[in-house]
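**Student:** This is the structure, below, for whatever I ask next.
The values are calculated or read from the model by the stated rules, or taken from the named source; none is laboratory data. What you are looking at is a predicted structure, and each value in this text was computed from that prediction instead of being measured. Here the Cβ positions follow ideal geometry from the backbone for every residue, glycine too, while neighbour counts run over all protein chains shown.
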Amino acid sequence: MTVSHSAHLGHEAARAPSTVDLTDCDREPIQHLGRVQSWGGLIAVNADWIVRQYSVNAPKMLGLEFDDLQGRLLTDLLPHAAHKLIRHQMASLENFDQNLRLFGLQLSADGGLFDVAAHRTPDGFILEFEPKRTGRHVSDLSLVQPMIQRLAQENDIGVMSEIAAENLRRLTGFARVMVYKFADDGTGQVIAEALAPSMSGYKGLRFPASDIPAQARALYKRSLLRLIGNVDDPGAAITPALNADGKPLDLSLAVTRAVSPVHLQYLRNMGVQASMSVSILNKGELWGLLACHHPEPLLMDYERRTAVELFGQLFAYELARTETAQENEAVLRGQDTHNRIMSLISSSSSWEENFDTIANIVQQRMPYDGIAIFSDGHYMSRGSAPSETEFHELARFLNTATGSRVYCTHHLGAVFPPASAFVDRVAGLLALPISRRPRDYLVLFRRELAQTVTWAGDPTKPVNTSGPNTQLSPRNSFSLWRQVVQGESQPWSLSEQRAAEALRTTLLEVVLKLTDQAEKDRKQAQERQALLISELNHRVRNILNLIRSIMKQSSHDAMSLEDFTQALDGRINALSRAHDQLTQEQYAPVALSDLIGVEATAFGLSDQARLVFEGNDIVITPEAFTPLALVFHELVTNSVKYGAFSSSNGRVHIAIHEAQDGSYVIGWTERGGPVVKAPKRRGFGSTVIERTIPHEMHGSAEVHYHSAGLEAAFTVPSNAVVRTQPFAAAADPLQAVKTTPPRVGVGIAHVDGPVLVLEDTMIVALDLAGMLEDLGSSDVRTCATVDEAFEILQSGFTPALAVLDVNLGGETSLPVAEHLAGLNVPFLLASGYDRNEAGIESYPPSELLRKPYTSSDLASTLCSLGFVQGA
């Protein structure tokens, strides 16, 4: 506990030069004081009922003619009937903590009536007796029943305590009755009280643990009622002081046991002349006390005290019933929490995806200021919580503190000093282990709650000492004394701790659920990967075989190695461009104008007027795309070398029309170039132009070499065409493949701010960074892993945009995406998969940039996000 300020509202207790702490009272032998209170007598006998020790007031109280009782048989001291009844009843006591109670028993020769208490000791019995005060017209026990019935109607412990205090004051006549509840640290607080008009109140005040020392609390668990009739009563000594074994008589269970001088002075300092305490036990532990005070001496006979003790036991039972009902409600709420979490968490998701769901449900059960999940080394937090770096150190502490149990503290700095560095955010925590080793946690945090604790006097409790034996004297001030406590949070209640244990079980089930689904996902991913590898292997073999054939045929035409290299490079690049166009559209049909435009642009042709389209464009199937790409590559190549494109004024007209049989005729006409002559020999290029479409597509091809320019007509069957569309949809086929940022919507793509690129392939990352710099960004940070991304983000770098590769080898970029979404930072997902594949559907809403992509694709996607010049 950190105390920053204290104020004493009242008079300071005078302090002698020599002081000691009253916790020395913990060592005071209060069960061996060797005296009884004078309102009762005591006789201790051995197993043969021979007197071993007795109180010096016993002979007179019993009306005996002799004073020395030691060594006498009990039968010589008591009437035969009383002795017989006591011996018979004592036989029913089974253990040392049981008391025998007999009321109105004749013990003296003059017929005097006594109430008797007796209990067993290891070597005999202790018999106590006190004169019967008055007769009863109404049974004391009958008064208890309606009091308990009233309590049973309530379900609030505070209300029940107020009712108990008021009823007990009426039953006993004490001027002040308090319900005093112990805290875990031994301190106590008055939670309810009933007062006579003349008495001051203590409700709400705290008392230090040393006010009721440990050995006194232990006795309260064994002896449930304690009466002090008069604090100034000198009492009666036990004689002899030591038994035959040289030990003082153990008075732990004696109802007449005298009182510690320190405690008597404590009561005098409070203005109390008589007191009574009734223990409240809950599950065998001391929950609290019913504490009764009176400003004058007050005796109460044993029969009524027994009724009071019964009331205390029944009150404890009602408290336990209420707490059990609250616990049962907590169990039901816990089951409801379990069901909600299990129903809302998808088995195909992860901790990251479920974090907000869990956080919201947990907060309804256990209020917190911050929450974090630490799983597989990844840290997610919300609200007032340590940073990831701070938590890694805290996690090492939790690994030593929790075992497999829930761990909580409301003063983290006291057990983990490094927490002082973030006490402004976290003062208390409740940690739930949710895995084995290495241990993962769900942790709830609470902020510092500066609070004022009001004590009944100074809790540091210095005391006076006097005399050569350093006699203790308790404080004499019970005025209000306040502490302002800092560095602590609101404590975690017992019900919250139990709820946390139940929640931990639920989260372990979630772990099993997610682990099982992750195993299924891994298996499915392996199956998809095997299928993909098989398909890729098939396609690669076909491509390699095609390239081999192209190489062989190209070598026949080459006049030199340079010619061969140039021709081969052009044809392979044509295949590559065709493949790129298909993959960009996911092997969807592609317009013929796009195919021809890509080829023309590859040769540096950027003048739209030199490539003229007439008729309707045709959208061709993926199967027809590769052979047509080879044909038009050869046509463009020849035109650049020998035909219309070799002249600055040359043009190519492409006319497409549908034939009567449903096939499509593609006309190629060159004008404005040099005079054309038919070749003397047919090379591989001519063979491709004339034979590819008839051979692979079952169409036809006609080529004519007119002096004004080459003319060709190709007929492709209807099954190679998906649909027709106006050329207006692609009015400038060259424009579609230009690398300058296109105008999309109402602006041109522009990035004004820093960008984070998460991509595990270096070449791709560098290429993408270059594209982003061309689009205006002056600060592009690249990284390859999730950890590297978080390291950049936590260094103070705040991006205006992020581009995230979905698959990063052994992990995905999902944690980074969720973090950026929480910061409202827009991002693109780069992937070769569709949005509904490979877990992309689990990402926060975002734009998808399909791989492979060009700067044009990137610019278009950025415009859709609003990254437009001038925006």
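**Student:** Say we look at region 793-832 and pick out the residues that are among the β-branched types (Val, Ile, Thr) and crowded, with 20+ Cβ neighbours inside 10 Å; which of these is nearest to Gly866 (Cα to Cα)?
**Tutor:** Once the filter is applied, the top-ranked residue is Val803.
**Student:** Something else now. What do you reckon, is Ala109 over 25 Å from Ser252 (Cα atoms) and assigned by TED's automatic domain parsing to the domain that holds Thr322?
**Tutor:** No, not satisfied.
**Student:** Of all residues in region 61-88 being surrounded by 13 or more Cβ atoms within 10 Å (Cβ to Cβ) and among the basic types (Lys, Arg), which is nearest to Ala117 (Cα to Cα)?
**Tutor:** Only one residue tops the list, namely Arg87.
**Student:** Looking at Arg475, Arg436, Arg405, Arg482, can you tell me which residue is modelled with pLDDT of 80 or more and basic (Lys, Arg)?
**Tutor:** Arg405
**Student:** Which of (1) in a loop (DSSP other than H, G, I, E, B); (2) in contact (Cβ under 8 Å) with a residue 40 or more places away in the chain; (3) surrounded by fewer than 20 Cβ atoms within 10 Å (Cβ to Cβ) is the odd one out, the single condition Phe790 does not satisfy?
**Tutor:** Single failed check for Phe790: (1).
**Student:** Could you please let me know if Ala91 is at pLDDT below 90 and either hydrophobic (A, V, I, L, M, F, W, C) or outside the structural domain of Arg305 (by TED's automatic domain parsing) (or both)?
**Tutor:** It is true that Ala91 is at pLDDT below 90 and either hydrophobic (A, V, I, L, M, F, W, C) or outside the structural domain of Arg305 (by TED's automatic domain parsing) (or both).
**Student:** Just a yes or no: is a residue in region 84-93 under 24 Å from Leu168 (Cβ atoms) and not basic (Lys, Arg)?
**Tutor:** So far as region 84-93 goes, no, none of its residues is under 24 Å from Leu168 (Cβ atoms) and not basic (Lys, Arg).
**Student:** What's the number of the condition His119 fails, among (1) loosely packed, with under 14 Cβ neighbours inside 10 Å; (2) modelled with pLDDT of 85 or more?
**Tutor:** Tallying (1) loosely packed, with under 14 Cβ neighbours inside 10 Å; (2) modelled with pLDDT of 85 or more, His119 fails exactly one: (1).
**Student:** Out of curiosity, is Glu154 assigned to a helix (DSSP H, G or I), under 40 Å from the mean Cα position of the chain (by Cα) and either under 24 Å from His88 (Cβ atoms) or not polar (S, T, N, Q) (or both)?
**Tutor:** Criteria not met by Glu154.
**Student:** Residue check: is Ser161 part of a helix (DSSP H, G or I) and of a type in the set (S, T, N, Q)?
**Tutor:** Yes: the conditions hold for Ser161.
A quick yes/no check of all residues on (1) within 22 Å of Ala183 (Cα to Cα); (2) at pLDDT 90 or above:
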| site | (1), (2) |
| --- | --- |
| Thr239 | no, yes |
| Asn243 | no, no |
| His263 | yes, no |
| Asn269 | no, no |
| Gln273 | no, yes |
| Leu290 | yes, yes |
| Leu299 | no, yes |
| Tyr302 | no, yes |
| Arg305 | no, yes |
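**Student:** Any chance region 173-181 includes a residue that's hydrophobic (A, V, I, L, M, F, W, C) and surrounded by fewer than 20 Cβ atoms within 10 Å (Cβ to Cβ)?
**Tutor:** No - not one qualifying residue is present in region 173-181.
**Student:** Considering only region 273-309, state which residues are over 16 Å from Gly188 (Cβ atoms) and either without any contact (Cβ under 8 Å) to a residue 12 or more places away in the chain or hydrophobic (A, V, I, L, M, F, W, C) (or both).
**Tutor:** Across region 273-309, the qualifying residues are Ala274, Met276, Leu298, Leu299, Met300, Ala307, Val308.
**Student:** Looking at this structure, is Val177 of a type in the set (Val, Ile, Thr), over 30 Å from Lys247 (Cβ atoms) and in contact with a strand residue (DSSP E or B) (Cβ under 6 Å, 6 or more places away or on another chain)?
**Tutor:** When the stated conditions are applied, Val177 passes them.
**Student:** Any residue in region 165-183 that is touching a Lys or Arg at 6+ places or on another chain (Cβ under 6 Å) and farther than 13 Å from Ala291 by Cα?
**Tutor:** For region 165-183, residues touching a Lys or Arg at 6+ places or on another chain (Cβ under 6 Å) and farther than 13 Å from Ala291 by Cα: absent.
**Student:** Taking region 364-417 as the search range and keeping residues that are among the hydroxyl-bearing types (Ser, Thr, Tyr) and in a loop (DSSP other than H, G, I, E, B), which one is surrounded by the most Cβ atoms within 10 Å (Cβ to Cβ)?
**Tutor:** Looking at residues that are among the hydroxyl-bearing types (Ser, Thr, Tyr) and in a loop (DSSP other than H, G, I, E, B), I get Tyr368.
**Student:** Right, next: If the requirement is being modelled with pLDDT of 90 or more and in a helix (DSSP H, G or I), which of these qualifies: Ala802, Ala765, Ala817?
**Tutor:** Going through Ala802, Ala765, Ala817 in turn, the sole match is Ala817.
**Student:** Here's a check for you: in region 833-871, which residue that is of a type in the set (A, V, I, L, M, F, W, C), at pLDDT below 85 and assigned by TED's automatic domain parsing to the domain that holds Pro815 is surrounded by the fewest Cβ atoms within 10 Å (Cβ to Cβ)?
**Tutor:** Of everything passing the filter in region 833-871, Ala838 is surrounded by the fewest Cβ atoms within 10 Å (Cβ to Cβ).
**Student:** Can you pull out every residue in region 232-259 that is of a type outside the set (Ser, Thr, Tyr) and part of a strand (DSSP E or B)?
**Tutor:** The answer is Ala236, Ala237, Ile238, Leu242, Pro248, Arg257.
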